[in-house]
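Written below as structure tokens is the structure these notes are about.
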Amino acid sequence: MEHVGEHETCLVSDQMYCVERRVYNQGALQGQLHKKEKASQPLGQKIAHSCRCSSKKAKSILTGFLPVFKWLPKYPVKEYLLGDIVSGISTGVMQLPQGLAYALLAALPPVFGLYSSFYPVFLYTFFGTSRHISIGTFAVISLMIGGVVVREAPDEMFDIIGTNSTNTTDPENFRARDDTRVKVAIAVTLLSGIIQLCLGLLRFGFVAIYLTEPLVRGFTTAAAVHVFTSQLKYLLGIKTKRFSGPLSCLYSLIAVFSNITKTNVAALVVGLICMVLLLSGKEINDRFKKKLPVPIPMEIIVVVIGTGVSFGMNLSNTYGVDVVGNIPRGLRPPKVPDIHLIPAVFVDAIAIAIVGFSMTISMAKIFALKHGYTVNGNQELIALGICNSVGSFFQTFAITCSMSRSLVQESTGGKTQIAGTLSSIMVLLVIVAIGYLFEPLPQAVLAAIVMVNLKGMFKQFGDIVHFWRTSKIELAIWIVAFLASVFLGLDYGLLTAVGFALVTIVYRTQSVQYRILGQIPDTDIYCDVEEYEEVKEFPGIKIFQANSSLYFANNDLYVSALKKKTGVDPCAVLAARKKSQKRHIKELKQLDKCEKEVGLELTSDDIEKQEVPKEEMSVNGRFSAKEAATQNSSSDELEHFMKPGINVHTIILDFSPVNFVDSVGVKTLKSIIKEYENIGISVHIAGCNGSVMDNLVRLQFFDKPTQRDLLFPSIHDAVLTSQLTVISASQMPLDADSCMPELQEQN
């Protein structure tokens, strides 16, 4: 690599390329490039252009806000309709029992689960951008709603005692409690919908990125534990108080096991039989998925069988089994939510809004990637916001995407949200026509449906092994999200998990990997010298790389790692030189003193007579003593500030991984360049991208014209330039020495 031009050959498979060009620094490269001129419009023109309306722009806005007008006119009836019908029926069959069950989970009368399975699902058809997800009730969101309503309307407020003997409590108290809880649920749903709508209109769809996959999976696993614990009392037929807030999961377990002797055997038998049937049905559906035209709808089968058995055997009166109870026929008229409750549920609404959106957009992106279309995160926020806020006027509680129903909707041939519309119509038929038939349905059956649907979430415990092998930091996020959500509750647990995830980001920036790079021979490729045997360093050149940006939080770490990796500490060098100079001066003074005392000074005539060359003088001569002292001091100095065998003349900072540099980083760069220049080492910077160059220009890094010559477009340019500089510098003294004999002869 002794030449100035670059002539490299790279081998990829059996293909080769050869590039020959001059060596550039950043200044020379910028001199040959011409930036495109960007015409900047005045503010008035920008406002006028944004307010200008045309048919094309109006259509774009309309289809953006109502995506249904984009795909419905192009709907291929022959290709899609049959699949959507089958998918809609299959999803609707699941929607019905899950709506009833998740209303119970939300501490609300079951009919409100049916309302939440109709209005939002129908609205999402018009405003959503995903073609395959199933919107409606979901266990995690229902549990979060239940935690809020139980906190704001506990049983004690209505003189309801959580025991198995409920005959002493006036039925009016139960109705008053349920009405209050419905008001709380509707208020938190309205507020969460407004939050989602505002975030969508403000283009804040990116907030979901702060809920990383390990965080969401740990959080939903903890939610599954909460859900399972809350359903134990319904499975066992035990009446206990419902808890909310920190340690609610522990309190619920204590309450259930302290009343375990009061278990209703009939309810337990019904629940266990339903769980066995549901698990068997899921296993058959999974094993024979390719052979079955549609999945076996075990949930609706269990509901129908459970309702028939309960009605035929009169389980409620004969064995005291709790049943669903009154399901009013028809839809309720719209009603304005109680806005006075909003301040009390504001924080909960934020958590519900973000968690609901995170689950929806994650499932939507999975299906979009699989089927080759795109989803708009901001429009999904708007769609969920409209579904929740508008639905709250019709007594629905907060909804999101259901994982199990979405998989069924996609696997049964669903192509568009026509399937979702059909499923909502099925729920509507139940509400207005046959809902009263499910009044004898035992609550143990609904508890069994909820518990079995948690199977997929409990499988997420396998993430611990996966993250242990792949990323300890992501494992820590999962564990913190899980434990915090289990013990602190879902609201505080989510806040704690997000805070911890942000702390891990700071930790990652502080735990940067630093490398010394070397060249793969006969290429312009540079890799870690400690990782590959073939990689070799250039003599006198150290190439330093840090896989992080340079800013206030890690500038000290960057400088320390640079000194450690290169083996050269400028401060130590200067200190060693000063110490060496002081010692040298002290030695000279001692020599002068000794020579005067002993009287061993020699004249130049004595030296000529003895014919002793100056370079071979003994320590008795003044010149030779100083020379020996200087040589000893120099060798001691090298031992102090450099590793043995290191002779560095150039340090190259590889900035290709750097994304930005702040003002502290620029000051650090200037300090590094100055400190190493003071000890005769050049510092070059290579591989800056456009944004880093803009940072350097804006922060006045190029206050000196020569600073731009220190930057190079690639590491190889910097290496070749430094080699050429060293060659030129080494040739100059040689030329001067070769001229000396001629000058002496002339004299």
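Determine whether the stretch 289-302 contains at least one residue that is in contact (Cβ under 8 Å) with a residue 12 or more places away in the chain and more than 26 Å from Leu428 (Cβ to Cβ).
Looking for residues that are in contact (Cβ under 8 Å) with a residue 12 or more places away in the chain and more than 26 Å from Leu428 (Cβ to Cβ), one finds at least one in the stretch 289-302, hence yes.
Being open to solvent by less than 30 Å² (accessible area, probe 1.4 Å) and in contact with an Asp or Glu (Cβ under 6 Å, 6 or more places away or on another chain) is true for just one of Val148, Val140. Which residue is that?
Values: Val140 fails: in contact with an Asp or Glu (Cβ under 6 Å, 6 or more places away or on another chain).
Exactly one of Val148, Val140 is open to solvent by less than 30 Å² (accessible area, probe 1.4 Å) and in contact with an Asp or Glu (Cβ under 6 Å, 6 or more places away or on another chain), namely Val148.
Just to verify a result, which residue in the stretch 14-32, among those that are modelled with pLDDT under 80 and open to solvent by 100 Å² or more (accessible area, probe 1.4 Å), is farthest from Leu653 (Cα to Cα)?
Out of the qualifying residues, it is Asp14.
Being among the charged types (D, E, K, R) and open to solvent by less than 80 Å² (accessible area, probe 1.4 Å) is the filter; apply it to the stretch 171-209 and report the residue that is nearest to the chain's Cα centre (by Cα). Walk me through it before giving the result.
Of all residues in the stretch 171-209, those among the charged types (D, E, K, R) come to 172, 175, 177-179, 181, 183, 203.
Filter once more, so that each one left must be open to solvent by less than 80 Å² (accessible area, probe 1.4 Å): 177-178, 181.
Values: Arg177: 41, Asp178: 40, Arg181: 36 Å.
Top of the filtered list is Arg181.
To keep it simple, each residue is scored yes or no on (1) farther than 13 Å from Arg131 by Cβ; (2) in contact with a helix residue (DSSP H, G or I) (Cβ under 7 Å, 6 or more places away or on another chain); (3) touching a residue at least 24 places away in the same chain (Cβ under 8 Å); (4) open to solvent by less than 10 Å² (accessible area, probe 1.4 Å).
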position	(1), (2), (3), (4)
Asp338	yes, yes, yes, no
Leu341	yes, yes, yes, no
Ala344	yes, yes, yes, no
Asp348	yes, yes, yes, no
Val355	yes, yes, yes, yes
Ala368	no, no, yes, yes
His371	no, no, yes, no
Val375	no, yes, yes, no
Leu381	yes, yes, yes, yes
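Scan the stretch 55-62 and give yes if some residue there is out of contact with any Lys or Arg (no Cβ under 6 Å at 6 or more places or on another chain) and assigned to a loop (DSSP other than H, G, I, E, B), otherwise no.
Filtering the stretch 55-62 down to residues out of contact with any Lys or Arg (no Cβ under 6 Å at 6 or more places or on another chain) leaves 55-62.
From the residues that got through so far, the ones that are assigned to a loop (DSSP other than H, G, I, E, B) too are none.
No, the stretch 55-62 has no match at all.
Is it the case, given these coordinates, that Gly113 is within 25 Å of Glu152 (Cα to Cα) and either open to solvent by less than 10 Å² (accessible area, probe 1.4 Å) or in contact (Cβ under 8 Å) with a residue 24 or more places away in the chain (or both)?
Numbers: within 25 Å of Glu152 (Cα to Cα): yes; either open to solvent by less than 10 Å² (accessible area, probe 1.4 Å) or in contact (Cβ under 8 Å) with a residue 24 or more places away in the chain (or both): yes.
So Gly113 passes the test.
So, of the residues in the stretch 278-301 that are closer than 16 Å to Pro442 by Cβ and aliphatic (A, V, I, L, M), which turns out to be modelled with the lowest pLDDT? First the steps, then the outcome.
Step one: of the stretch 278-301, the residues closer than 16 Å to Pro442 by Cβ are 278, 299-301.
Those still in the list that are aliphatic (A, V, I, L, M) too: 278, 300-301.
Working: Leu278: 91, Ile300: 87, Ile301: 90.
Filtering first and then ranking leaves Ile300.
Only one of these conditions is not met by Lys282: (1) assigned to a loop (DSSP other than H, G, I, E, B); (2) charged (D, E, K, R); (3) within 30 Å of Val269 (Cα to Cα). Which number is it?
All conditions are met except number (1).
Can you tell me which condition Phe122 does not meet? The list is (1) of a type outside the set (Ser, Thr, Tyr); (2) touching a residue at least 40 places away in the same chain (Cβ under 8 Å); (3) more than 25 Å from Leu381 (Cα to Cα); (4) part of a helix (DSSP H, G or I), and all the others hold.
Among (1) of a type outside the set (Ser, Thr, Tyr); (2) touching a residue at least 40 places away in the same chain (Cβ under 8 Å); (3) more than 25 Å from Leu381 (Cα to Cα); (4) part of a helix (DSSP H, G or I), the lone unmet condition for Phe122 is (3).
So which residues in the stretch 383-419 are open to solvent by less than 10 Å² (accessible area, probe 1.4 Å), assigned to a helix (DSSP H, G or I) and closer than 25 Å to Cys198 by Cα?
Within the stretch 383-419, Ala383, Leu384, Gly385, Cys387, Asn388, Gly391, Ser392 qualify.
Going by the conditions given, is Leu454 closer than 30 Å to Gly312 by Cβ and in contact (Cβ under 8 Å) with a residue 60 or more places away in the chain? Talk me through it step by step, then tell me what you get.
Details: closer than 30 Å to Gly312 by Cβ: yes; in contact (Cβ under 8 Å) with a residue 60 or more places away in the chain: yes.
Answer is yes for this residue.
Yes or no, residue by residue, for (1) closer than 19 Å to Gln231 by Cα; (2) open to solvent by less than 20 Å² (accessible area, probe 1.4 Å); (3) without any contact (Cβ under 8 Å) to a residue 40 or more places away in the chain:
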{"position": "Ser423", "(1), (2), (3)": "no, yes, no"}
{"position": "Ile434", "(1), (2), (3)": "no, no, yes"}
{"position": "Ala444", "(1), (2), (3)": "yes, yes, no"}
{"position": "Ala447", "(1), (2), (3)": "yes, yes, no"}
{"position": "Ile473", "(1), (2), (3)": "no, no, yes"}
{"position": "Ile477", "(1), (2), (3)": "no, yes, no"}
{"position": "Asp491", "(1), (2), (3)": "no, no, no"}
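Restrict the check to the stretch 127-150 and report whether at least one residue is over 32 Å from the mean Cα position of the chain (by Cα), touching a residue at least 60 places away in the same chain (Cβ under 8 Å) and on the phi < 0 side of the Ramachandran plot. Can you show your working first?
So in the stretch 127-150, the residues over 32 Å from the mean Cα position of the chain (by Cα) come out as 150.
Among the residues that remain, those that are also touching a residue at least 60 places away in the same chain (Cβ under 8 Å) are: 150.
Among the residues that remain, those that are also on the phi < 0 side of the Ramachandran plot are: 150.
There is at least one residue in the stretch 127-150 that is over 32 Å from the mean Cα position of the chain (by Cα), touching a residue at least 60 places away in the same chain (Cβ under 8 Å) and on the phi < 0 side of the Ramachandran plot.
Going through Ile186, Ile160 one at a time, which residue ends up being at pLDDT below 90 and either in contact with a strand residue (DSSP E or B) (Cβ under 9 Å, 6 or more places away or on another chain) or over 20 Å from Cys249 (Cβ atoms) (or both)? Outline the logic, then answer.
Values: Ile186 fails: at pLDDT below 90.
The unique qualifying residue is Ile160.
Can you pull out the residues in the stretch 333-343 that are in a helix (DSSP H, G or I) and either over 20 Å from Ser142 (Cα atoms) or out of contact with any Lys or Arg (no Cβ under 9 Å at 6 or more places or on another chain) (or both)? Before you say what the answer is, go through the steps one by one.
Filtering the stretch 333-343 for residues in a helix (DSSP H, G or I) gives 339-343.
Across the stretch 333-343, the qualifying residues are Ile339, His340, Ile342, Pro343.
Here are Val375, Val355: which of them is assigned to a helix (DSSP H, G or I) and of a type in the set (A, V, I, L, M)? Can you show your working first?
Numbers: Val375 fails: assigned to a helix (DSSP H, G or I).
Checking each option against the conditions leaves just Val355.
Return a yes/no flag: does the stretch 538-547 have any residue that is modelled with pLDDT of 90 or more, buried (at least 20 other Cβ atoms within 10 Å of the Cβ), part of a helix (DSSP H, G or I) and under 27 Å from the mean Cα position of the chain (by Cα).
Scanning the stretch 538-547 turns up no residue that is modelled with pLDDT of 90 or more, buried (at least 20 other Cβ atoms within 10 Å of the Cβ), part of a helix (DSSP H, G or I) and under 27 Å from the mean Cα position of the chain (by Cα).
Is there a residue in the stretch 265-277 that is modelled with pLDDT under 90, open to solvent by 40 Å² or more (accessible area, probe 1.4 Å) and not acidic (Asp, Glu)?
Step one: filter the stretch 265-277 for residues modelled with pLDDT under 90, giving none.
Checking the stretch 265-277: not a single residue is modelled with pLDDT under 90, open to solvent by 40 Å² or more (accessible area, probe 1.4 Å) and not acidic (Asp, Glu).
Sort out for me the helices (runs of 4 or more DSSP H) sitting completely within the stretch 444-517 that have 3 or more residues that are under 15 Å from the mean Cα position of the chain (by Cα).
Details: elements: 455-458, 463-470, 472-488, 490-510.
Once the helices (runs of 4 or more DSSP H) in the stretch 444-517 are filtered for at least 3 residues that are under 15 Å from the mean Cα position of the chain (by Cα), what remains is 472-488, 490-510.
Do any residues in the stretch 267-278 that are touching a residue at least 40 places away in the same chain (Cβ under 8 Å) have Cβ atoms under 6 Å from those of residues that are in a helix (DSSP H, G or I) and open to solvent by 30 Å² or more (accessible area, probe 1.4 Å), where the two are at least six apart or on different chains, and which pairs are they?
If the second residue must be in a helix (DSSP H, G or I) and open to solvent by 30 Å² or more (accessible area, probe 1.4 Å), the pairs left are Leu278/Met298.
List the pairs whose first member sits in the stretch 88-107 and is under 16 Å from Gly325 (Cβ atoms) and at pLDDT 90 or above, whose second member is among the aromatic types (Phe, Trp, Tyr) and surrounded by 24 or more Cβ atoms within 10 Å (Cβ to Cβ), and whose Cβ atoms are under 6 Å apart, counting only residues at least 6 apart or on separate chains?
Matching pairs, first to second residue: Ala103/Phe112; Ala106/Phe397.
Tally time: how many residues in the stretch 283-317 are under 20 Å from Ile327 (Cβ atoms), open to solvent by 100 Å² or more (accessible area, probe 1.4 Å) and either hydroxyl-bearing (Ser, Thr, Tyr) or touching a Pro at 6+ places or on another chain (Cβ under 9 Å) (or both)?
Of the residues in that region, 1 qualify.
Scanning the stretch 677-702 for residues that are part of a helix (DSSP H, G or I) and crowded, with 21+ Cβ neighbours inside 10 Å, which turns out farthest from the chain's Cα centre (by Cα)? Don't jump to the end; show me each part of the working.
Here is the first cut: in the stretch 677-702, the ones part of a helix (DSSP H, G or I) are 677-678, 690-698.
Retained after the next criterion (residues that are crowded, with 21+ Cβ neighbours inside 10 Å): 692, 695-696.
Numbers: Val692: 23, Asn695: 25, Leu696: 28 Å.
The extreme case among them is Leu696.
Which members of the stretch 126-137 meet the condition of being open to solvent by less than 10 Å² (accessible area, probe 1.4 Å) and not in a loop (DSSP other than H, G, I, E, B)?
Residues satisfying the conditions are Ser134, Ile135, Gly136.
For Ser165, only one of the following conditions fails: (1) small (Gly, Ala, Ser); (2) modelled with pLDDT of 90 or more; (3) surrounded by fewer than 17 Cβ atoms within 10 Å (Cβ to Cβ). What is its number?
Unmet condition: (2).
The values are calculated or read from the model by the stated rules, or taken from the named source; none is laboratory data. Fair warning: this is a prediction, and the values are worked out from it, not measured in the lab. Neighbour counts run over all protein chains shown; Cβ positions are idealised from the backbone, glycine included. These area figures cover heavy atoms from the full protein model, side chains too; ligands, DNA and RNA do not enter into them. Shrake-Rupley method; radii C 1.70, N 1.55, O 1.52, S 1.80 Å.
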